[in-house]
Amino acid sequence: MNKLAVNLSMIFTEVPLIERFALARKHGFEHVEIQFPYELSIDQIRQQLEQHQLSLCLINAPVGDLMQGGNGLAGIPGREREFYHAVQHAVRYARLLNVPSVNLLAGKQPLDADLLPCLEILSKNLKLAAHILTDYHIQPVFEMVNGTDMPRFLIQNIAQAQDMMDVVNNPALKMQYDCYHMAMMGEDVLEGLQENIAQIGHIQFADCPNRHEPNTGEIAFNKIFYWLKHSHYQGYIAAEYKPSNHSEQSFAWKTQFFANIS
């Protein structure tokens, strides 16, 4: 049975992060993910998870300046030490909060750098991170991000992700498959899931092209969710979208597609 989660970094943003756990439980979720939980202490998050009977299923490792328009850490020559410390910081949160997966964002190719050295550094960093995380029984995942929203992102499509997995050559490393990003890249979202499900460790969804909730765009989520519910995939499926209106009014899809899944 698939496990449904809600992303607290993009949904319920009408209130501060620490108040979003209660709203997740109010709307019937048992699992949450947070892109970057580090504004809250481990004790603050643990208290919220325990109070509202939630599990935290995914966090991202810190990414340096990526979210402020910079290039990030993982694929940038010369920033290997910063990446190592970022992974260690994520491990501490994941271990103490029982988080099963950590996402490692590749970052962007700098304007003054060649692509190949960046990919070589990325592969070395992913190898190191996968080794560190699996030592603590944490699953490493990495994400394909579309080049429209984030130009020069180092891993944008399924083929690039497959190539990177071949180079890293660690069976613990899995793809984080975001339906929105794949649709934005022109991938067949359902076909991509079907052909790569054994290499996918975490799934996220938002509709395309505006990244709102399902049924606001072009993605046929009825077919995708039906296939996932009847597949052998046992991981998390997380709502990671920008609500088209108020967050609490954006969950019609949950009743439609996941009536018996919390």
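Computed from the coordinates by the stated procedures, all read-outs in this text should not be read as laboratory data. The shown structure was predicted, so the numbers you read here are calculated from the model rather than taken from an experiment. Here the Cβ is made from the backbone with ideal geometry for all residues, glycine too, and neighbour counts use every protein chain on show.
Going by how many other Cβ atoms sit within 10 Å of their own, how do Met67, Met182 line up, fewest first?
Final ranking by Cβ density, sparse to dense: Met67, Met182.
Which percent, to the nearest 5, of DSSP beta bridges fully inside the stretch 85-202 are antiparallel?
Roughly 10 percent of the DSSP beta bridges within the stretch 85-202 come out antiparallel.
Which order do Val63, Val15, Val6 fall in if you start with the one that has the fewest other Cβ atoms within 10 Å?
Val15, Val63, Val6
Report the Cα centroid-to-centroid distance between the stretch 24-66 and the stretch 138-158 in angstrom, as an integer.
With the stretch 24-66 and the stretch 138-158 each reduced to a Cα centre, they are spaced 22 Å.
State the label only: which of (1) 15; (2) 21; (3) 37 corresponds to percent of Cα pairs over 33 Å apart computed from the shown model?
Answer label, from the structure shown: (1).
Filter Lys127/Lys223; Lys108/Lys223; Lys127/Lys242; Lys3/Lys223; Lys174/Lys254 down to the pairs with a C-alpha to C-alpha distance above 23 Å, please.
Checking Cα-Cα distances, Lys127/Lys223; Lys108/Lys223; Lys127/Lys242; Lys174/Lys254 exceed 23 Å.
Where the only charges are on Cβ atoms (+1 Lys, Arg; -1 Asp, Glu), what is the dipole of the chain about its Cα centre, to the nearest 20 debye?
With only Lys, Arg, Asp and Glu charged at Cβ, the dipole is about 580 debye.
Within the chain, what percent of beta bridges assigned by DSSP are antiparallel, to the nearest 5?
Roughly 5 percent of the DSSP beta bridges within the chain come out antiparallel.
Would you list the membrane-span-like helices of the chain, meaning whole DSSP H runs whose alpha-carbon atoms span at least 18 Å along their axis and whose mean Kyte-Doolittle value is at least -1.0?
80-97, 115-135
Please order Glu19, Glu33, Glu143 by the number of other Cβ within 10 Å, starting at the fewest.
Glu19, Glu143, Glu33
May I ask for the distance between the Cα centers of the stretch 80-101 and the stretch 164-223, given as a whole number of Å?
When both Cα centres are located, 24 Å separates them.
Between Ala220 and Arg81, what is 0.36 nm times their sequence separation minus the Cα-Cα distance? Round to one decimal in nm.
Difference between extended and current length: 45.8 nm.
Roughly how many nanometres apart are two label points built 7 Å out from the Cα toward the Cβ at Gln234 and Gln88?
Taking the simple label geometry, Gln234 and Gln88 are separated by 3.4 nm.
As a test of the formula, what do you get for the chain when each DSSP H run with n ≥ 4 contributes -39,500 (n - 2.57) and the sum is divided by the residue count, at 222 nm and rounded to the nearest 500 deg cm²/dmol?
Working: 9 runs with 97 residues, N = 262.
After summing the helix terms and dividing by the residues of the chain, the value is -11000 deg cm²/dmol.
Describe numerically, in nm with one decimal, the distance between label points set 7 Å from Cα along Cα→Cβ at Asn245 and at Glu14.
It is 1.1 nm.
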